[in-house]
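This report refers to the structure that appears directly beneath it.
The values are calculated or read from the model by the stated rules, or taken from the named source; none is laboratory data. Please read all numbers here as calculations on a predicted model, not as lab measurements. Here Cβ is always computed from backbone atoms with ideal geometry, including for glycine, and neighbour counts include all displayed protein chains. Protein only, heavy atoms only, side chains kept; ligands, DNA and RNA dropped before computing areas. Shrake-Rupley method; radii C 1.70, N 1.55, O 1.52, S 1.80 Å.
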Amino acid sequence: MIELKLNHVSKTYSNGVKALDDVSIEIKSGMFGLLGPNGAGKSTLMRTIATLQEPDSGELFLSDINIRKEKMALRRVLGYLPQQFGVYSKMSAEKLLNYFADLKGLSNSAEKKKMVEYALEVTNLTDVKHKHVAGYSGGMKQRFGIAQLLLNNPKLIIVDEPTAGLDPAERHRFLNVLREIGTNNIVILSTHIVDDVKELCTDMAILNGGKILSKMAPKEAVQQLEGKIWTTITDRDGEEILAENFQVISSSFNHDNSLNVRVYSETKPTENFMAATPDLNDVYFVHLKQDEPTTVNA
């Protein structure tokens with residue numbers, strides 16, 4: 001079984017920002033969600049794994065490939081879709097995929113034709129393969145990005161914030177494509193959108209401030225919060241008072257402008273609270289809240 005292993009990986013930029021702080025993690029085959037807010041270090045970690053930047057320290061292995069020492073060996077089995085994916089605008093998807101196949105060294109005509117057809121079929125682009133990629137919608141462009149990375153039959157696939165900006169229908173189609181390819185490979189989905197991880201991933205980690213805060217299966221993470229999430233209805237002033245006394249993890253407005261407030265607590269906070277069924281959003285917010293620096297009054 002293929003496995004990605006990172007040991008004590010750190011990266012500090014020249015401006016002093018510590019983007020990765022002693023990251024150690026093991027990722028096996030399947031869909032893996034890397035969840036964290038913008039600026040958490042997710043893109044830095046993805047670029048480091050993809051050999052696009054060098055860490056200051058630490059080791060990275062994909063099975064028996066030492067990633068830092070064998071960059072080309074890693075790139076031969078890597079498919080990478082960055083946040084900003086640029087394409088040549090005045091070429092059809094089919095021609096562009098043939099061009100990328102040439103760049104990836106697929107010189108056998110029959111093999112190249114087979115891989116291009118496979119990539120178009122898996123990403124549901126066969127019907128629009130003669131259309132210029134410039135005319136594609138945002139979701140179609142993202143699916144084309146997946147099509148091009150499939151050409152070298154990668155063992156490790158990295159997609160960085162792939163559904164940001166997609167409308168609900170495009171997002172659904174794109175997630176179905178990821179689900180299709182995520183069975184036999186390692187697919188790392190880096191995102192700040194909790195629902196993407198909830199719908200797709202069998203394993204996940206939460207990253208913030210360059211540190212891994214948690215790593216476990218989404219289902220297990222939710223189960224650990226059973227009996228610890230409580231909800232009440234209040235107003236804005238009431239929310240501020242609750243935040244001073246309890247660990248408020250999220251709040252949302254009702255139609256009458258009252259607030260549904262969710263609190264993490266080992267026991268029922270007050271009689272005004274009701275037990276709530278935990279979900280993955282609660283897991284995410286609890287870990288981010290617990291990672292916040294505590295303020296000390298002088």
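Computed quantities for the displayed model
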| item | result |
| --- | --- |
| Selection count where residues are in contact with a Leu (Cβ under 8 Å, 6 or more places away or on another chain) and in contact (Cβ under 8 Å) with a residue 60 or more places away in the chain, scope the range 64-84 | 6 |
| Residue in the range 39-90 that is most open to solvent (accessible area, probe 1.4 Å), counting only those that are closer than 24 Å to Gly165 by Cβ and of a type in the set (Phe, Trp, Tyr) | Tyr88 |
| Strands (runs of 3 or more DSSP E) completely within the range 150-214 that count 3 or more residues being under 21 Å from Gln290 (Cα atoms), at pLDDT 85 or above and out of contact with any Cys (no Cβ under 6 Å at 6 or more places or on another chain) | 203-208 |
| Near pairs, Cβ below 8 angstrom, 6+ apart or cross-chain, from the range 9-32 (among the aromatic types (Phe, Trp, Tyr)) to any residue that is in a strand (DSSP E or B) | Tyr13/Ala19; Phe32/Ile186; Phe32/Val187; Phe32/Ile188; Phe32/Leu189; Phe32/Asp203; Phe32/Met204; Phe32/Ala205 |
| Exclusive hit being more than 26 Å from Leu4 (Cβ to Cβ), touching a Ser or Thr at 6+ places or on another chain (Cβ under 9 Å), outside any strand (DSSP E or B) and open to solvent by 50 Å² or more (accessible area, probe 1.4 Å), set Glu239, Glu226, Glu244, Glu266 | Glu226 |
| Index of the failed condition, Gly36 passing every other in (1) under 30 Å from Val286 (Cβ atoms); (2) modelled with pLDDT under 95; (3) surrounded by fewer than 18 Cβ atoms within 10 Å (Cβ to Cβ) | (3) |
| Test: Ala110 is farther than 29 Å from Ser43 by Cβ, open to solvent by less than 90 Å² (accessible area, probe 1.4 Å) and at pLDDT 85 or above | yes |
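Per-residue answers, yes or no, for (1) out of contact with any strand residue (DSSP E or B) (no Cβ under 7 Å at 6 or more places or on another chain); (2) of a type in the set (S, T, N, Q); (3) on the phi > 0 side of the Ramachandran plot:
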residue: Ala205; (1), (2), (3): no, no, no
residue: Lys211; (1), (2), (3): no, no, no
residue: Gln224; (1), (2), (3): yes, yes, no
residue: Lys228; (1), (2), (3): no, no, no
residue: Ile233; (1), (2), (3): no, no, no
residue: Ile241; (1), (2), (3): yes, no, no
residue: Asn257; (1), (2), (3): yes, yes, yes
residue: Thr270; (1), (2), (3): yes, yes, no
residue: Ala276; (1), (2), (3): no, no, no
